[in-house]
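The values are calculated or read from the model by the stated rules, or taken from the named source; none is laboratory data. As the structure is a prediction and not an experimental result, all values here were calculated from the model. When we count neighbours, we look across all protein chains shown, and the Cβ atoms used for this are built from the backbone with ideal geometry, even at glycine. What goes into the accessible areas is simple: the full protein's heavy atoms, side chains included, and nothing from ligands, DNA or RNA. Shrake-Rupley method; radii C 1.70, N 1.55, O 1.52, S 1.80 Å.
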Amino acid sequence: MIIIGADHAGFKLKHEIIAKLKEKGIEYIDVTDYAQNDEDDYVDIVKNLTKEVLSKTGSFAIAICGTGIGISIACNKIKGIRAGACYNKEVAKKMKEDNDCNVICFGGRQENDINEVMERIDIFMKSSFKGERHARRLCKITDLEEKFGEDV
Ligand code: RB5
């Protein structure tokens, strides 16, 4: 399942992505299914978005703000979430293969080609975590999450 959410700066791109997902018959849950609100903050969508990702096996989220940076910083505060800004096709592949990302972030004000964005989402979905040395690194991230303040 794809979970999707955006702040006001990602509103337009979110709707463009949703239109493409519908065309392809791909299921999604929009956690920000309301009218554009220029007062909303990207931080506010994180709770619902990540709760869905963590509770639905095999799911991932598409999270959008103006740059893809604020939303990725906020998502990464949640234990078990690995979010990154996806700014090209190689990154789309590597963020799954190396980092096992479960949140792929976009900058709604940075993207001007919806087909290119959809290609990145497609590459991300078709890629798999490579494990091995990358798994070791993710374990170290889990240690940071769990033992920060202790001697890690
Ligand atoms: C909102 O105007 C904008 O600052 C936000 O969407 C995001 O780009 C922050 O990182």
Sorted list, accessible surface of protein heavy atoms, 1.4 Å probe, largest first, for D7, D44 is D44, D7
Kindly express, to the nearest 10 degrees and within the range 0 to 90, the angle between helix 133-147's C-alpha long axis and the longest C-alpha principal axis of the chain. 90
To the nearest 10 degrees, how steeply does helix 114-126 sit against the main Cα axis of the chain, on a 0 to 90 scale? 30
The helix 46-55 Cα axis meets the longest alpha-carbon principal axis of the chain at an angle in degrees, between 0 and 90 and rounded to 10, of 60
Relative contact order, percent, segment 22-132 [alpha-carbon distance under 8 Å, six or more residues apart]: 24
So, with +1 on the Cβ of K and R and -1 on the Cβ of D and E, and no other charges, what is the size of the charge dipole of the chain about its Cα centre, to the nearest 20 debye? 620
Please state the shape class of segment 1-122: rounded when a/c is under 1.5, otherwise prolate if a/b exceeds b/c and oblate if not, all from the C-alpha gyration tensor. rounded
Using modelled backbone amide H atoms (1.01 Å from N, in-plane), which distant-in-sequence or interchain residues come within less than 5 Å of A6's amide H? T32, I64
What does the charge count near M1 come to, summing +1 for each Lys or Arg and -1 for each Asp or Glu among other residues with Cβ under 10 Å from its Cβ? -1
Can you tell me how much longer the chain between M118 and K77 gets when fully stretched, taken as 0.36 nm per residue apart minus their C-alpha distance, in nm with one decimal? 12.1 nm
Here segment 72-87 yields Karplus 3J(HN,Hα) values (6.51, -1.76, 1.60; θ = phi - 60°; whole Hz; Gly and Pro given as x) of 6, 4, 5, 4, 6, 6, 8, 4, x, 9, 10, 10, x, 6, 9, 9
If I take R0 = 35 Å and measure r between the Cβ atoms of K47 and E97 in this structure, what FRET efficiency does the formula 1/(1 + (r/R0)^6) give, to the nearest 0.05? 0.80
Which entries in K20/K140; K12/K126; K14/K140; K14/K51; K12/K93 show an alpha-carbon gap greater than 27 Å? K20/K140; K14/K140
Of all the accessible heavy-atom surface of the chain, with the other protein chains kept in place and a 1.4 Å probe, what percent is carbon and sulfur? 48
Percent RCO, i.e. relative contact order, over segment 56-120, from Cα pairs under 8 Å lying at least 6 residues apart: 42
Ranked from the most accessible area to the least, with a 1.4 Å probe and all protein chains present, what is the order of H134, H15? H15, H134
So, in nm, how far is label R136 from label D38 when the simple model puts each one 7 Å beyond its Cα toward the Cβ? 5.2
Quick check for you: with a 1.4 Å probe and neighbouring chains kept, what is the accessible area per residue of the chain, in Å²? 57
